[in-house]
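Comments concern the structure below.
The values are calculated or read from the model by the stated rules, or taken from the named source; none is laboratory data. Predicted, not measured: the structure shown is a model, and the values here were computed from it. Cβ placement follows ideal geometry from the backbone for every residue including glycine, while neighbour counts extend to all protein chains displayed. Accessible surface areas use protein heavy atoms only, side chains included; no ligands, DNA or RNA. Shrake-Rupley method; radii C 1.70, N 1.55, O 1.52, S 1.80 Å.
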Amino acid sequence: MTLLAIEGLHTTYRSGTRLVHAVDGVSLEVGERETVGLVGESGCGKSTLGKTIMRLLDPSRGSIRLDGTEIADLDDRSMRSHRRKMQMVFQDPFASLNPRQTVFRLLDTPLKVHGVTDAQERRRRVVDMAGRVGLAPDALERYPHEFSGGQRQRIGIARALILSPRLVVCDEPVSALDLSIQAQILNLLVDLKRDLGLAYLFISHDLSVVRYFVDRVLVMYLGKIVESADHVSLWRDP
Ligand code: ADP
Ligand code: ADP
């Protein structure tokens, strides 16, 4: 089953009088429970594509179908009910974590916003998610800045997963972390994918980071998908 289907997607930035065609006619699909790697050198448009799929940016043309619904032209209000189906994990979790909220509030608020009215039920889900991402129970009453980079990314991942999305766009989720921590966070993401039945679009500038756990890899260059490889050929090629 196809979860995400993109066709002829374009995203442009205005830079002075110039238009930057950051995403320049991209088509791709991500299946239910599939992990697709999106690799390419810095500046080729990966982040822009990820943010456009999430509708954090508006495409200038093209189609984005999520679970059968066209979302490319939905306004913010109509997007809200679709947001819970897809979430994003950023390179810098601070980009998405309000520093004035405790970890508990950070995880509790999205549930509230999305209509989980029972406070007991919310607490149960927050505690469950904190455990799944490997946060200690006392972490919930602390603030994001009190944690190390790896722990902070665990919070970012919990924040992305608390609404039980089916697709998670991971944008360089380990690139800012120490090497020893990178493997821990990657293993966590792989475990969560298996336990929760998630699909990932996994963005990285580094093929060696993604080749071990993706089903397929797409290679982006100057705003376009220029190559794709399945898991088998990824392992065959040295
Ligand atoms: P990647 O994630 O692959 O590093 P990006 O999506 O960040 O690539 O950037 C793609 C292109 O769009 C680059 O040329 C970048 O300079 C440009 N770009 C990214 N964000 C903006 C912006 N807000 N305004 C103008 N140009 C941008
Ligand atoms: P990333 O690869 O994670 O997008 P970047 O360093 O490319 O990191 O971009 C950091 C931020 O700056 C992003 O929000 C991006 O949209 C913005 N940005 C990137 N390139 C440009 C640019 N040429 N002009 C304006 N903003 C840009």
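Things worth noting here:
- Among the residues listed as 180, 164, the single one being open to solvent by 50 Å² or more (accessible area, probe 1.4 Å) and over 16 Å from the mean Cα position of the chain (by Cα): 180
- A Cβ distance below 9 Å, combined with a sequence gap of six or more or placement on separate chains, defines the contacts here; from region 188-201, residues that are farther than 12 Å from residue 157 by Cα and aromatic (Phe, Trp, Tyr) reach residues that are crowded, with 20+ Cβ neighbours inside 10 Å and modelled with pLDDT under 95 in the pairs 200/214.
- Within region 187-208, the set of residues being away from ligand 2 (no atom under 14 Å from the Cβ) and surrounded by fewer than 20 Cβ atoms within 10 Å (Cβ to Cβ) comprises 187, 188, 190, 191, 193, 194, 195, 196, 197, 207, 208.
- For residue 12, the conditions (1) open to solvent by 30 Å² or more (accessible area, probe 1.4 Å); (2) closer than 30 Å to residue 158 by Cβ all hold with the exception of (2).
- Hey, residue 215 acidic (Asp, Glu), touching a residue at least 60 places away in the same chain (Cβ under 8 Å) and surrounded by 21 or more Cβ atoms within 10 Å (Cβ to Cβ) or not: no
- Only a single criterion out of (1) surrounded by fewer than 21 Cβ atoms within 10 Å (Cβ to Cβ); (2) under 27 Å from residue 153 (Cα atoms) is not satisfied by residue 49, namely (1).
- Verdict on residue 65 being open to solvent by 20 Å² or more (accessible area, probe 1.4 Å), touching a helix residue (DSSP H, G or I) at 6+ places or on another chain (Cβ under 9 Å), touching a residue at least 40 places away in the same chain (Cβ under 8 Å) and within 17 Å of residue 166 (Cα to Cα): no
- Given (1) within 13 Å of ligand 1 (Cβ to nearest atom); (2) touching a Phe, Trp or Tyr at 6+ places or on another chain (Cβ under 8 Å); (3) part of a loop (DSSP other than H, G, I, E, B), index of the condition residue 101 fails: (1)
- Residue match in region 70-90 (condition: open to solvent by less than 20 Å² (accessible area, probe 1.4 Å), in contact (Cβ under 8 Å) with a residue 60 or more places away in the chain and more than 16 Å from the chain's Cα centre (by Cα)): yes
- Being in contact with a strand residue (DSSP E or B) (Cβ under 6 Å, 6 or more places away or on another chain) and within 16 Å of ligand 2 (Cβ to nearest atom) is true of residue 52.
- Residue in region 160-177 that is of a type in the set (A, V, I, L, M), assigned to a helix (DSSP H, G or I) and more than 25 Å from residue 220 (Cβ to Cβ) present: yes
- Condition check for residue 110 on (1) assigned to a helix (DSSP H, G or I); (2) open to solvent by 20 Å² or more (accessible area, probe 1.4 Å); (3) more than 15 Å from residue 166 (Cβ to Cβ): one failure, at (2).
- Enumeration of residues in region 1-21 that are near ligand 1 (Cβ under 10 Å from one of its atoms) and either touching a residue at least 24 places away in the same chain (Cβ under 8 Å) or assigned to a strand (DSSP E or B) (or both): 11, 12, 13, 14, 15, 18, 19, 20, 21
- Once region 16-31 is narrowed to residues that are open to solvent by 60 Å² or more (accessible area, probe 1.4 Å) and over 17 Å from residue 226 (Cβ atoms), the residue that is nearest to the chain's Cα centre (by Cα) is 19.
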